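Following: one structure in structure tokens, then a few remarks.
Quick note: the coordinates plus some simple rules give every number you see, no bench work behind them. Computed from a predicted structure; not experimentally measured. Positions of Cβ are backbone-derived with ideal geometry, glycine not excepted, and every protein chain shown enters the neighbour counts.
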Number of protein chains: 2
Amino acid sequence: MSPTQERKEILRRFMEDVWNQGRLDAVDAYLALRYTVRHDPGDPWHGKQLDAEAFKERLRVSRAPFPDQRFEIQELFADGDAVVATWLWTGTHRAELAGFPATGRQIRMSGATVYYFEGLKICGHWQIVDRLSVFQQLSADRQPG
Amino acid sequence: MSPTQERKEILRRFMEDVWNQGRLDAVDAYLALRYTVRHDPGDPWHGKQLDAEAFKERLRVSRAPFPDQRFEIQELFADGDAVVATWLWTGTHRAELAGFPATGRQIRMSGATVYYFEGLKICGHWQIVDRLSVFQQLSADRQPG
């Protein structure tokens, strides 16, 4: 298997084990010593360098409002030391997010993420998420006050 | 030059000539017979197939609120028949957009776009734009009513 193909397979497993299943114990196997959130507008960790413990905290906090969240990868594109994933996402809104108390709603969104590798370890990302669609779904039919 | 490298160069020129300079006369040189907007949440052409004339109409309408708009490509990733661009964008808000009359504000946003090629012609895209940041900038300090 080419390194390019291997990185795509690693990224598929990372998305499944870490982001879909929320397995904190799986993080160490995938991450480089430092993980840099290069660009991620609206993410509290935008611009930050994370070690494994800080990454696990981000995973815990990010998944809390949507414990059943699932990323469904649409396509993967590998070039140089990067793999780009386009994805659809669904999650049930079970805890407070950005001032919205749990609504119980099934939320959908989509995004694109560039994952950077050092060898076969993931060392950061550059990401755009369609945040507006999430806020529109959370605030639909919201009662003022 | 490899086809992969050539597609990256074509995409750079397409972004400059078509989207930055708004040259309707440049469109034909870049586009395949059909251009498919595979995914572009919030874009009026989301899901549509466009011929060159329909693409030019989209270009005209999309650029109207921000006539001086500029995409600054961050990185390009080529794989298979696709080139992925990550980009920053700036534009001065000079005409109505989504119910917001011209504010004269310099707006910034970022996004990621997968461009699909047929040979050396561009035949569609899959895109995520950080729309929320645009609405936040347009509505900041907005007076109700």
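Brief remarks on what is shown
- Looking across segment B:98-114, the residues that are surrounded by fewer than 17 Cβ atoms within 10 Å (Cβ to Cβ) and of a type outside the set (Gly, Ala, Ser) come down to B:Pro101, B:Arg105, B:Gln106, B:Arg108.
- For segment B:27-57, residues that are over 15 Å from B:Tyr115 (Cβ atoms) and among the charged types (D, E, K, R) total 6.
- Every condition in (1) surrounded by 20 or more Cβ atoms within 10 Å (Cβ to Cβ); (2) touching a Phe, Trp or Tyr at 6+ places or on another chain (Cβ under 9 Å); (3) farther than 19 Å from A:Gly22 by Cα is met by A:Phe117 except one, and the failing one is (2).
- Test: residue in segment B:124-133 that is closer than 30 Å to A:Tyr116 by Cα, loosely packed, with under 14 Cβ neighbours inside 10 Å and not basic (Lys, Arg): no
- Contacts under 7 angstrom Cβ, first residue in segment A:67-84 being within 14 Å of A:Met109 (Cα to Cα), partner buried (at least 19 other Cβ atoms within 10 Å of the Cβ) and among the polar types (S, T, N, Q), 6 or more apart: A:Gln74/A:Thr86
- Residues that are surrounded by 16 or more Cβ atoms within 10 Å (Cβ to Cβ) and within 11 Å of the chain's Cα centre (by Cα), drawn from segment B:63-97: B:Arg63, B:Gln69, B:Phe71, B:Ala85, B:Trp87, B:Trp89
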